[in-house]
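Colleague: I am attaching a structure below and will ask some questions about it afterwards.
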Amino acid sequence: MTAYKDLSKEELLQIKSGLEAEYERFKSAGMKLDMSRGKPSTEQLNLSMGMMDVLNSGSDLVCKEGVDCRNYGVLDGIEEAKKLFADMMEVPSDNIIIFGNSSLNVMFDTVARSMTHGVMGSTPWCKLDKVKFLCPVPGYDRHFAITEYFGIEMINIPMTPDGPDMDLVEHYVNNDPAVKGIWCVPKYSNPQGITYSYETVHRFAKLKPAAEDFRIYWDNAYGIHHLYEDKQDYLLEIFQACKAEGNPHMVYKFASTSKISFPGSGISVIAASHSNLNDIRKQMRIQTIGHDKLNQLRHARYFKNIHGMVEHMKLHADIIRPKFDAVLTALDSELSGLEIGSWIAPRGGYFISFDAMEGCAKAIVAKAKEAGLSMTNAGATFPYGKDPRDSNIRIAPTYPTLDELKEAVKLFIICVKLVSIDKILETKE
């Protein structure tokens, strides 16, 4: 296909006329589809319904510690659940604490605790003149919302095919004591689907922070969320890598079962050094008597071990892989060669990242919404909701049915073409 920029004004106007007719047909069809979040579909949720039958009124509800899971006790997670999630996170079971249903909640609490009480005896951040966080972009909007909520200055770090620009990360972390953390989604990143390379993880582990209370916020949300059995990314385990480099306390590693079992009723986990965990337990002892042990028991007995979890995730992949393939096939067939957008084909995770022509993302998302398709707000993948190039759009294919998704992608592509043509026509006046 000929690039749009190489076409004449008359040729572009002719294409635009046909696209506008198609767009009006979509508007009149009354589409109402919300693709703004990366939610599992009903079909995916149904995969875990057997978990509802694991415990009943006749079940033995005593965990391996000998505690009745209906009662108080066991602050940081029952033994069988710790074993399951330690295997999922590739860390020793005595280096994890199990929480409630939301890892985002744990991350929020971790930042809040640092603000009010500091990190392992350091000065509370609220008493400092300036606190900064590094934010690989495009990235996860809810991460950025946490640091913005606490008034922490966020610094954009561009993503590369191997992960964050580590020259910049090293520059900021090793020289500025105000830099206290970095947000990371290291495997099948949100939204690009990039997995940090072996070298990138090693460079993280070798950081020499100017701040003693600097921490890597390693949100491995998609650690076992592969799309293909024959094409899977490998991520070097950060906790042991930091320990080997003499930085055992530098990382907080987060995970959950939100996109494994039930998003609203899963289990979240943090892995860290013993000193970090002891610091966290000080807050926990005040905050709670313990999290939902019945849910921990339910997950442990349902999945049994990491192999059961991996097999379960293959069922998820069978459902969502055709959706990713449908989006990527449509983008390839309709937009390749036009030079009005680029995208990454991920091997796992929950998103496809699309980069439109500079200055076009907000207009594309608005045009799609006008025709009944709600997408993640343009700019959401950057701190403060400000994409400096107004280019990145996050596509979330998992929730709609395959038929709905195919129609949604057709509409999205029409919107991309229309907005891009208008942008190019501005240069041909």
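The values are calculated or read from the model by the stated rules, or taken from the named source; none is laboratory data. These numbers come from a predicted model, not from an experiment. All Cβ positions, even for glycine, are placed from backbone atoms using ideal geometry, and neighbour counts span all protein chains on display. Areas reflect the complete protein model, heavy atoms only, side chains present, ligands, DNA and RNA absent. Shrake-Rupley method; radii C 1.70, N 1.55, O 1.52, S 1.80 Å.
Colleague: From the list Gly77, Gly73, pick out the single residue that is surrounded by 14 or more Cβ atoms within 10 Å (Cβ to Cβ), at positive phi, of a type outside the set (A, V, I, L, M) and touching a His at 6+ places or on another chain (Cβ under 9 Å).
Modeller: Within the list Gly77, Gly73, the selection yields Gly77.
Colleague: Something else: In this structure, is Val119 in a loop (DSSP other than H, G, I, E, B), touching an Asp or Glu at 6+ places or on another chain (Cβ under 8 Å) and open to solvent by less than 10 Å² (accessible area, probe 1.4 Å)?
Modeller: yes
Colleague: Assuming Ile182 fulfils every condition listed in (1) of a type in the set (Val, Ile, Thr); (2) farther than 28 Å from Arg321 by Cα; (3) open to solvent by 10 Å² or more (accessible area, probe 1.4 Å) apart from one, which condition is it?
Modeller: (3)
Colleague: Something else about it: If Arg37 passes every condition in (1) under 19 Å from Ile364 (Cβ atoms); (2) open to solvent by less than 90 Å² (accessible area, probe 1.4 Å); (3) part of a helix (DSSP H, G or I) but one, which one does it miss?
Modeller: (3)
Colleague: I would also like to ask the following. Consider the range 222-250. How many of its residues are surrounded by fewer than 23 Cβ atoms within 10 Å (Cβ to Cβ), touching a strand residue (DSSP E or B) at 6+ places or on another chain (Cβ under 7 Å) and either charged (D, E, K, R) or closer than 30 Å to Ser122 by Cβ (or both)?
Modeller: Of the residues in that region, 2 qualify.
Colleague: Only one of Leu297, Leu335 is farther than 21 Å from Leu19 by Cβ, open to solvent by less than 50 Å² (accessible area, probe 1.4 Å) and over 24 Å from the mean Cα position of the chain (by Cα). Can you tell me which?
Modeller: Leu297
Colleague: Which residue is most open to solvent (accessible area, probe 1.4 Å), if the candidates are limited to the range 360-381 and must be part of a helix (DSSP H, G or I), in contact with a Lys or Arg (Cβ under 9 Å, 6 or more places away or on another chain) and within 28 Å of Glu148 (Cα to Cα)?
Modeller: Looking at the filtered set, the residue picked out is Ala363.
Colleague: Only residues in the range 282-307 that are closer than 27 Å to Gly118 by Cα count as the first member; pair them with residues that are surrounded by fewer than 14 Cβ atoms within 10 Å (Cβ to Cβ), Cβ under 6 angstrom, at least 6 apart or cross-chain, and list the lot.
Modeller: Ile289/Tyr72
Colleague: What is the number of the single condition among (1) open to solvent by less than 10 Å² (accessible area, probe 1.4 Å); (2) without any contact (Cβ under 8 Å) to a residue 40 or more places away in the chain; (3) of a type in the set (Asp, Glu) that Glu199 does not meet?
Modeller: (1)
Colleague: Of all residues in the range 345-359, count the ones that are in contact (Cβ under 8 Å) with a residue 40 or more places away in the chain, surrounded by 17 or more Cβ atoms within 10 Å (Cβ to Cβ) and farther than 16 Å from Leu411 by Cβ.
Modeller: So the count comes out to 8.
Colleague: Could you please give the count of residues in the range 12-31 that are in contact with a helix residue (DSSP H, G or I) (Cβ under 9 Å, 6 or more places away or on another chain) and under 23 Å from Glu426 (Cβ atoms)?
Modeller: Counting residues in the range 12-31 that are in contact with a helix residue (DSSP H, G or I) (Cβ under 9 Å, 6 or more places away or on another chain) and under 23 Å from Glu426 (Cβ atoms) gives 8.
Colleague: Test Met31 against the criterion of being of a type in the set (A, V, I, L, M), open to solvent by 20 Å² or more (accessible area, probe 1.4 Å) and free of Cβ contacts under 8 Å to residues at least 24 places away in the same chain, and give yes or no.
Modeller: no
Colleague: Can you pull out every residue in the range 251-263 that is within 16 Å of the chain's Cα centre (by Cα) and either of a type in the set (A, V, I, L, M, F, W, C) or open to solvent by 40 Å² or more (accessible area, probe 1.4 Å) (or both)?
Modeller: Those that are within 16 Å of the chain's Cα centre (by Cα) and either of a type in the set (A, V, I, L, M, F, W, C) or open to solvent by 40 Å² or more (accessible area, probe 1.4 Å) (or both): Phe254, Ala255, Lys259, Ile260, Pro263.
Colleague: While we're looking at this one, here's another question. Among the residues of the range 306-341, count how many are touching a helix residue (DSSP H, G or I) at 6+ places or on another chain (Cβ under 7 Å), part of a helix (DSSP H, G or I) and charged (D, E, K, R).
Modeller: 2
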